[in-house]
Amino acid sequence: MSQEVALEGVTRRFGEFVAVRNVDLTIRAGEFFSFLGPSGCGKTTILRMISGFIEPTDGVVRIGGRDMRGIGPNKRPTALIFQNLALFPLMPVWQNVAFGLEVRGVGKAERRKRAEELLAIVELSASADKQVADLSGGQKQRVAIARALAVEPQVMLLDEPLSALDLKLRQHMRAELRRIQQRTGVTFIYITHDQGEALTMSDRVGVMSQGVLQQVGTPLEIYNDPATPFVASFVGEANVFAGTVAQTNGTMAHIETSSGTFKARVGRGARSGEAAMLFVRPEHMRLGDAASGTANHVTASFSHAEFEGNFVNVFCDGGLRKPMMAQTRSDPRLLGLAHGEALPMGFDAADAVILPQGDLARE
Ligand SMILES: Nc1ncnc2c1ncn2[C@@H]1O[C@H](COP(=O)(O)OP(=O)(O)OP(=O)(O)O)[C@@H](O)[C@H]1O
Ligand SMILES: [Mg+2]
C-alpha cells in the first residue's frame, strides 16, 4: 500500500524567518521523490511537516487525500529514517526490525516471522541473529529500512540517510534503496543535498533554494531543461554568460554578452530586451578543430587541464568571472598545451539555454 502526499500552499515560519515558502506539490502514490537543495534550504522542515513533528504555519498537508492538520506523527501512515539511525547496537538484527511490532503488542513468533520477511527484502536474511554492532554501515542502513517498513508505512520519509557512509557504499546503497522502493511499492520521499543521489534514484526531483521550490521534474528535465539559473548552476556544472536577449525567433534567440553574441534555446521566461543568462554544460563545449563546426565561437586561452581518467576537464580563460570549462574525452594532446595558448571553443545553439537573469547557486 502506498499513498499520495499533497502539499497545498505550505509555508513554515520560525518567528520572522520563512523556512519554507508556499510550496504546492503532489507526490504520487508509489513514487520515489527527492527534495534536492543546499544546506538550510528547508528540506528537513518539509519532511517534518509531512511526518507531523511540526505543523505548517499556512497551508495543508494531505496524505491519501486526508487533511493532516491536528494529526500527530504516530497517527500518520508515515515512517521516518534519519541520518542517525537510532538502532539498538547490542540487540539482534531481527529484534531491531521487529521493535515497532513489539510496541504494538504483536507476539514473539509473529514478530520473528515478519522480521524474516523484511530482512529478505533488504537482503539480510543471513544476519538475523547477529548483533547490529557487528554489521557494516550499509547493512545497518538496511536494518533501519527494514525496521521502518515493519510498521507498514504508506509513505517512507528519508532524511539524508546515506550521508554518513563512504562514497563506494553510498553508491551501492542508492541502487539498493531504489530496489527496495520498487519491491515494496511504498511512496519514498528522500532528502539530499547530493545531486548524484537525487538524479540516479528518483522518479522526480524537487529542487529547493531558500525555502522556495524552484522546479519539479524528472532527473532528465531538471538537467536538460532547468527552470531557473539556480537549478542550472546547482545541478551539474555550467558555463554562464551574462547578457541581454537580442532577438527571439520562436524557440531560439540571440543573446549579447561581453564574450560575443550567441544563438541558443529560449528557456522559460526569457524575453527579448531583458537581462538574461546563457548556460552551456561543459560536456557541450567543443575544443580546437571540433569548435569550428559549431554555431557559437568563443575566444579563449588555455589555463589548465584536469585528467580524470576517462575524460579531461579543460579550463580556459575567456573573460568570464570563472574560467570556462570543457569536458572532453581523454586526449593526450590537451595535456600538452601551454598556459595562455589560444584554444578555440564553441558550442551548438541546441546545447545552450537562455534564462532570465537570477541568482546562481553558491560555489
Ligand atoms: N526550530 C527552528 N527554529 C528556528 N529556525 C529553524 C528551526 N528549524 C529550522 N530552522 C531554520 O530553517 C531553515 C531550514 O532548515 P532545514 O533544517 O529545513 O534545512 P535543510 O535544507 O534540511 O538543511 P541541511 O541540508 O543542512 O539539513 C534553516 O535556516 C534553519 O536554521
Ligand atoms: Mg536537513
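Read the figures in this text as sums done on the coordinates, not as results from a lab. Note that this is a predicted model, so its numbers are computed, not measured. Quick reminder, even Gly has a Cβ in these numbers, built from the backbone with ideal geometry, and neighbours come from all protein chains shown.
Worth pointing out:
- Proximity of backbone amide H atoms, modeled 1.01 Å from N, is registered between F35 and Y190, I191, T192, G206 at under 5 Å, excluding neighbours fewer than 5 places apart on the same chain.
- Residues with amide H under 5 Å from that of A300, placed H, sequence gap 5 or more: L343, M345
- Using the average count of surrounding beta-carbon atoms within 10 Å as a protection proxy, the listed peptides 184-197, 22-35 rank, highest first, as 184-197, 22-35.
- Net lengthening on full extension, E256/E363 (0.36 nm per residue, minus Cα-Cα): 36.0 nm
- Given R0 = 35 Å, the distance between the Cβ atoms of N249 and R179 translates into a calculated FRET efficiency of 0.15.
- Averaging Cα coordinates gives a centre for the range 258-311 and one for the range 134-211; these two points are 35 Å apart.
- Residues whose placed amide H lies under 5 Å from that of Q3, excluding near-sequence neighbours: G30, T187
- Calculated from backbone phi, Karplus (6.51, -1.76, 1.60) coupling profile of the range 201-217 in Hz, x at Gly/Pro: 9, 8, 6, 9, 10, x, 9, 10, 9, 6, x, 10, 6, 7, 6, 10, x
- Across the chain, the mean sequence separation of Cα contacts (distance under 8 Å, 6 or more residues apart), normalised by length, yields a relative contact order of 16 percent.
- Backbone HN-Hα couplings from phi across the range 125-135 [Karplus 6.51/-1.76/1.60, Hz, Gly and Pro as x]: 3, 6, 9, 3, 9, 6, 7, 4, 4, 8, 8
- Dividing the C-alpha radius of gyration of the chain by 2.2 N^0.38 Å, with N its residue count, gives 1.18.
- Restricting the trypsin sites (Lys or Arg not before Pro) of the range 56-97 to loop positions (DSSP other than H, G, I, E, B) with no more than 13 neighbouring Cβ atoms within 10 Å leaves R69.
- Sorted peptide list for 262-270, 342-350, criterion being average Cβ within 10 angstrom, highest first: 262-270, 342-350
- Rounded to the nearest whole Hz, the Karplus-based 3J(HN,Hα) values (6.51 cos²θ - 1.76 cosθ + 1.60, θ = phi - 60°) of the range 24-37 follow the sequence 10, 6, 10, 8, 6, 4, x, 8, 9, 10, 10, 9, 10, x, with x at glycine and proline.
- Using alpha carbons only, the radius of gyration of the range 3-157 set against its Kirkwood radius gives Rg/Rh = 1.03.
- Here the range 291-305 is scanned for amide nitrogen atoms under 12 Å from the site 7 Å beyond the Cα of E237 along Cα-to-Cβ, giving 304-305.
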